[in-house]
Amino acid sequence: MSFRKVFPYVATLILVVGLAAVFAFRPTPFIGLTPEAMASSLDGQLGGATPTCEEVADKQWDCTAGEQELDLEINAFGCWTATPKSDRPEIGTPSTISGCVTVWDH
């Protein structure tokens, strides 16, 4: 079988797999973001108390995990950066936490 006959099938397969990967790892532009998805993504980074999140403004979220309160800023692709609201974060917690919402968080 010649390359010319196989190329359209291979190109189509690569395109479909590429689009599926983009959707799986950055679904926010396509399906939006819910408080539950944001909390699930944050929970994967905290590993402690289950967080609850609330959108306070466009691309701005407030999340609480146990005693810890966080301000989150999210970009258009579903990646976020969280900073503690208090000047002194809990012991063992970094000054900023970052991550991205994936399709598994929805």
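The values are calculated or read from the model by the stated rules, or taken from the named source; none is laboratory data. The shown structure was predicted, so the numbers you read here are calculated from the model rather than taken from an experiment. Cβ placement follows ideal geometry from the backbone for every residue including glycine, while neighbour counts extend to all protein chains displayed.
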Subject >> Pick from segment 63-78, criterion surrounded by 16 or more Cβ atoms within 10 Å (Cβ to Cβ) and within 25 Å of Phe30 (Cβ to Cβ), ranking: modelled with the lowest pLDDT >> reply: Gly78
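If you go through segment 1-43 one residue at a time, how many are of a type in the set (Phe, Trp, Tyr) and touching a Phe, Trp or Tyr at 6+ places or on another chain (Cβ under 7 Å)? It would help to see each step written out before you state the result.
At the first step, the residues of segment 1-43 found to be of a type in the set (Phe, Trp, Tyr) are 3, 7, 9, 23, 25, 30.
Narrowing further to those that are touching a Phe, Trp or Tyr at 6+ places or on another chain (Cβ under 7 Å): 23, 30.
Within segment 1-43, residues that are of a type in the set (Phe, Trp, Tyr) and touching a Phe, Trp or Tyr at 6+ places or on another chain (Cβ under 7 Å) number 2.
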Original post:
How about segment 1-79: which helices (runs of 4 or more DSSP H) wholly inside it have at least 2 residues that are under 17 Å from Ile97 (Cα atoms) and of a type in the set (Gly, Ala, Ser)?
Top reply: 35-46
Subject >> Any chance Pro89 is outside any helix (DSSP H, G or I) and either surrounded by 17 or more Cβ atoms within 10 Å (Cβ to Cβ) or modelled with pLDDT under 80 (or both) >> reply: yes
Subject >> Single residue of segment 32-51 satisfying the filter (surrounded by 13 or more Cβ atoms within 10 Å (Cβ to Cβ) and of a type in the set (A, V, I, L, M)) that is farthest from Gln68 (Cα to Cα) >> reply: Leu33
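Can you pull out every residue in segment 17-31 that is surrounded by 11 or more Cβ atoms within 10 Å (Cβ to Cβ) and more than 9 Å from the chain's Cα centre (by Cα)?
From segment 17-31, those surrounded by 11 or more Cβ atoms within 10 Å (Cβ to Cβ) are 20, 22-29, 31; that's our starting set.
Once the filter is applied, which keeps residues that are surrounded by 11 or more Cβ atoms within 10 Å (Cβ to Cβ) and more than 9 Å from the chain's Cα centre (by Cα), segment 17-31 yields Ala20, Val22, Phe23, Ala24, Pro29, Ile31.
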